[in-house]
Amino acid sequence: MIPKIVNLFKRIDIHWVATPVLILASAFALNAIIMLLCHYNPLEAYQAAVSGAFGNSRKFGETLVKSTPFLMAGLSVAMAFRCGIWNIGAEGQFLIGALVATWFGTKLSPFFPETPWIAVPVCLGIATLAGGIWGLIPAVLKVARGVNEVISTIMLNYVAIHLVGMMIDGGPLQEASQRGPQSDRIAEWVFLPRLFPPHRIHLGIVIAVLLAIILTFILFRTAFGYQLRAVGEGPAAAEAAGISIMHNTLRVFFISGALAGLGGAIELTALTRRLYLNFSPGYGYTAIAVALLAKLNPLVTVAAALLFGALTTGSYSMQRTVGISDKVTFVMQATILLFVIGYGSIQLFRKRASSQTSTE
């Protein structure tokens, strides 16, 4: 047994552990300096953050809840980046999934049996499909017209944001009382079940983790996953080997959009239960950092999402316990994002440049 464990550790690339640790350590060190400049005690702040995120079962449950949208959107980004596709549109796909789930929960749910075991899967399935179709738009533009996916996905994020606003602010999904820019509450039989009431831990957390396991298997144990990774590592070499770049681009965009759309539907049916302006605080953008910190590995994305969920709940605790301004906590979170995304972007650019050089 012991030799097997030793061999397992030998197979682990030290950079897989050392690099994320160094990135986070650098970010936390800089944040400590920022807190000192703002006349706060970094040790007290970090202690409050850890206690707020993991102090007891209720706090840990809330950390899991906050981690779920990061995980779903992170899986979306990781799958796309694995295929060498810069999908920056997880935010818009997330919102489209929530929008379609709202439409189902407020308009179509009366036509379904009043049981979550029928209505919820149908709702999540339709939202997942909608997210996938939304993800196909930049895929078609890229394949048919050569449009850069970074530009098209960013622009589609704004289209999705304004589409949500149009639908719930004077549109067909605005609440009946028209008191504000939000939808009616979805039907109770469309609520995603909670696992340990009255805690907010819900079934979506289990769904997200299972998807991370399934996607890891697909990526590293199937021919389809090999094709995606081959296209991402070297598109020219993959095409020379008979792997269709066009087909895999369409497939991965659909999968990526579907994952983000499902994430939006889970967030709506499990927690908010109604759609409103600023429904997403930027899950799709933070997901880029989540995926990069996990080195685009779906299973490791679970840990990265948990970290960002802990940062969210921990920042609330720092504000309450230590009295740190919310503006300072926002700066701290942004610092971590910049460190992770900055390093990850450099690595991706180097990989793309090396693959292009090798094919010339």
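The values are calculated or read from the model by the stated rules, or taken from the named source; none is laboratory data. Bear in mind the structure is a predicted one, so any value in this text is a computation, not a measurement. Cβ atoms come from the backbone with ideal geometry, glycine included; neighbour counts cover every protein chain shown.
Just give me the residues in the stretch 268-286 being in a helix (DSSP H, G or I) and either within 18 Å of PHE308 (Cβ to Cβ) or in contact (Cβ under 8 Å) with a residue 24 or more places away in the chain (or both), in sequence order.
Filtering the stretch 268-286 down to residues in a helix (DSSP H, G or I) leaves 268-272, 283-286.
Of everything in the stretch 268-286, those that are in a helix (DSSP H, G or I) and either within 18 Å of PHE308 (Cβ to Cβ) or in contact (Cβ under 8 Å) with a residue 24 or more places away in the chain (or both) turn out to be LEU268, THR269, ALA270, LEU271, TYR283, GLY284, TYR285, THR286.
Just a yes or no: is a residue in the stretch 63-80 surrounded by fewer than 24 Cβ atoms within 10 Å (Cβ to Cβ), part of a helix (DSSP H, G or I) and at pLDDT below 95?
Within the stretch 63-80, not a single residue is surrounded by fewer than 24 Cβ atoms within 10 Å (Cβ to Cβ), part of a helix (DSSP H, G or I) and at pLDDT below 95.
Restricted to the stretch 79-109, and to residues that are within 26 Å of GLU175 (Cα to Cα) and among the β-branched types (Val, Ile, Thr), which residue is nearest to the chain's Cα centre (by Cα)? Write out each step before concluding.
The initial filter retains those residues of the stretch 79-109 that are within 26 Å of GLU175 (Cα to Cα), namely 91-109.
Next, from what is left, pick out any that are among the β-branched types (Val, Ile, Thr): 96, 100, 102, 106.
On the way: ILE96: 14, VAL100: 18, THR102: 20, THR106: 25 Å.
Residue satisfying both the conditions and the ranking: ILE96.
Take the residues in the stretch 132-154 that are part of a helix (DSSP H, G or I) and of a type in the set (Val, Ile, Thr), then tell me which one is farthest from the chain's Cα centre (by Cα).
Going through the stretch 132-154, the residues part of a helix (DSSP H, G or I) turn out to be 132-145, 149-154.
Still in the running and of a type in the set (Val, Ile, Thr): 133, 137, 140, 143, 150-151, 153-154.
On the way: ILE133: 18, ILE137: 19, VAL140: 23, VAL143: 25, VAL150: 17, ILE151: 19, THR153: 15, ILE154: 15 Å.
Only one residue fits best here, namely VAL143.
What about ILE218, is it assigned to a helix (DSSP H, G or I) and not hydroxyl-bearing (Ser, Thr, Tyr)? I'd like the intermediate steps shown before the answer.
Working: assigned to a helix (DSSP H, G or I): yes; not hydroxyl-bearing (Ser, Thr, Tyr): yes.
Against the criterion (assigned to a helix (DSSP H, G or I) and not hydroxyl-bearing (Ser, Thr, Tyr)), ILE218 qualifies.
Which numbered condition trips up GLY165, out of (1) within 23 Å of TRP117 (Cβ to Cβ); (2) surrounded by fewer than 19 Cβ atoms within 10 Å (Cβ to Cβ)?
Condition (1) is where GLY165 drops out.
Is there any pair linking a residue in the stretch 142-165 that is of a type in the set (Asp, Glu) to one that is surrounded by 15 or more Cβ atoms within 10 Å (Cβ to Cβ) and part of a helix (DSSP H, G or I), with Cβ under 6 Å and at least six apart or on different chains, and which?
GLU149/PRO138; GLU149/LYS142
All but one of (1) over 19 Å from the mean Cα position of the chain (by Cα); (2) surrounded by fewer than 17 Cβ atoms within 10 Å (Cβ to Cβ); (3) at pLDDT 90 or above; (4) of a type in the set (Gly, Ala, Ser) hold for GLY282; state the number of the condition that does not hold.
The failed condition is (1).
For the structure I just gave you, tell me whether PHE112 is within 13 Å of the chain's Cα centre (by Cα) and within 18 Å of LEU268 (Cβ to Cβ).
On the way: within 13 Å of the chain's Cα centre (by Cα): no; within 18 Å of LEU268 (Cβ to Cβ): yes.
So PHE112 does not fit the description; no.
With ALA98, ALA130 as the choices, which residue is of a type in the set (Gly, Ala, Ser) and closer than 30 Å to ALA310 by Cβ? Let's see the steps before the verdict.
On the way: ALA130 fails: closer than 30 Å to ALA310 by Cβ.
When all the criteria are applied, what remains is ALA98.
Would it be correct to say that PHE224 is of a type in the set (Phe, Trp, Tyr), closer than 24 Å to SER109 by Cβ and either surrounded by 14 or more Cβ atoms within 10 Å (Cβ to Cβ) or out of contact with any Pro (no Cβ under 6 Å at 6 or more places or on another chain) (or both)? Step through it out loud before you land on a result.
Numbers: of a type in the set (Phe, Trp, Tyr): yes; closer than 24 Å to SER109 by Cβ: no; either surrounded by 14 or more Cβ atoms within 10 Å (Cβ to Cβ) or out of contact with any Pro (no Cβ under 6 Å at 6 or more places or on another chain) (or both): yes.
No: the conditions fail for PHE224.
Which ones in the stretch 155-177 are assigned to a helix (DSSP H, G or I) and either modelled with pLDDT under 95 or of a type in the set (S, T, N, Q) (or both)? Full working, then the answer.
So in the stretch 155-177, the residues assigned to a helix (DSSP H, G or I) come out as 155-168.
Selection gives ASN157 alone.
Here is a list: LEU292, LEU337. Which entry is modelled with pLDDT under 90, under 12 Å from the mean Cα position of the chain (by Cα) and closer than 20 Å to GLY92 by Cα?
LEU292
Kindly provide the set of residues from the stretch 182-194 that are within 27 Å of TYR285 (Cβ to Cβ) and either among the polar types (S, T, N, Q) or surrounded by fewer than 19 Cβ atoms within 10 Å (Cβ to Cβ) (or both), ordered by number.
Step one: filter the stretch 182-194 for residues within 27 Å of TYR285 (Cβ to Cβ), giving 182-183, 186, 192.
Those that are within 27 Å of TYR285 (Cβ to Cβ) and either among the polar types (S, T, N, Q) or surrounded by fewer than 19 Cβ atoms within 10 Å (Cβ to Cβ) (or both): GLN182, SER183.
Take GLY242 and tell me if it is outside any helix (DSSP H, G or I) and either surrounded by fewer than 23 Cβ atoms within 10 Å (Cβ to Cβ) or among the charged types (D, E, K, R) (or both).
Working: outside any helix (DSSP H, G or I): yes; either surrounded by fewer than 23 Cβ atoms within 10 Å (Cβ to Cβ) or among the charged types (D, E, K, R) (or both): yes.
Yes.
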